[in-house]
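Laboratory data are not the source of any read-out in this text; all were calculated from the coordinates shown. Treat the numbers as computed from the prediction; the structure is a model and nothing was measured. Neighbour counts run over all protein chains shown; Cβ positions are idealised from the backbone, glycine included.
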Amino acid sequence: MTLTVALPRGAVEVTTAWTPGDGRGAVIVAHGAGAGMEHPFLVGFTEALNTVGFSTLRFNFPYREQGRRMPGPAAHAIATWHAAVAHVRGREPAGPVWAAGKSYGGRMASMAVAEGLEVDGLIYLGYPLHPPGSPEKLRAAHLPAIAAPQLFVEGTADPFVQPVSQLEEVVATCQDARIEWVEGGGHSFEVKGAKRPADEVGASLAPIVDAFTASR
């Protein structure tokens with residue numbers, strides 16, 4: 001299945017994967033900068049959400065669909081998020097819609113929502129607060145403006161959120177946000193000395209999301 005995204009130079013088609021649920025609402029999941037929607041981490045994550053009743057939509061950003069490795073303009077990613085949310089609301093107009101994303105994908109969702117995209121909440125799977133080793137280069141100025149609930153699922157060893165106190169300080173400035181820490185987890189939630197397949201790692205985060213959405 002494909003999704004049409006309106007870009008300044010014309011519409012493009014991106015690949016999607018839709019799985020209907022049984023009434024829990026829908027979780028839209030975007031990939032990180034270095035991997036597409038078929039990464040096992042995302043597949044495992046969405047399949048685990050499906051088992052507890054959520055509908056899920058995974059999609060590629062235009063740059064990935066075109067075979068490029070580096071992300072395109074943020075405006076293209078934001079436009080893709082708008083198209084994905086509109087598509088899901090057309091399929092399930094009555095249910096809640098949650099925007100989730102791995103790293104870059106979550107950050108782009110937050111930017112879209114800060115600019116007016118309406119969702120019932122945001123779920124970040126490893127929010128890239130700053131480039132590794134550059135804690136002074138924060139990517140957080142827009143986060144306090146977001147009214148929708150925000151869940152940061154973060155590994156305590158993730159180099160994108162070191163020191164962890166910095167993320168805690170940012171989250172404290174947000175209107176409705178909280179962090180769920182994965183002890184020892186890196187940026188992809190890998191834990192040193194406890195090697196697991198990526199799909200299992202992704203699936204292990206689904207209960208955190210399930211509990212968060214149930215509490216809203």
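So here's what we get for this one:
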{"quantity": "Thr4/Arg68 FRET efficiency (R0 30 Å; Cβ-Cβ; nearest 0.05)", "calculated": "0.95"}
{"quantity": "Estimated distance in nm for a label pair at Ser134 and Arg91, the labels positioned 7 Å out from Cα along Cα-to-Cβ", "calculated": "3.6 nm"}
{"quantity": "Restricting the range 96-146 to trypsin sites (Lys or Arg not before Pro) in coil, as DSSP defines it, with at most 10 other Cβ within 10 Å", "calculated": "Lys137"}
{"quantity": "Beta bridges by DSSP in the chain, antiparallel share as percent, to the nearest 5", "calculated": "30 percent"}
{"quantity": "Pairwise centroid distance, computed over Cα atoms, of the range 35-66 with the range 189-216, Å", "calculated": "14 Å"}
{"quantity": "Dipole moment magnitude, nearest 20 debye, the range 24-214 about Cα centre, only Lys, Arg, Asp, Glu C-beta charged", "calculated": "500 debye"}
{"quantity": "Coarse-grained scattering of the range 65-149 at q = 0.11 Å⁻¹, given as base-10 log I(q)/I(0) from a Debye sum over alpha-carbon atoms", "calculated": "-0.32"}
{"quantity": "Cross-link partners of Lys102 among aspartates and glutamates (Cα-Cα below 12 Å; sequence separation of 8 or more within a chain)", "calculated": "Glu154"}
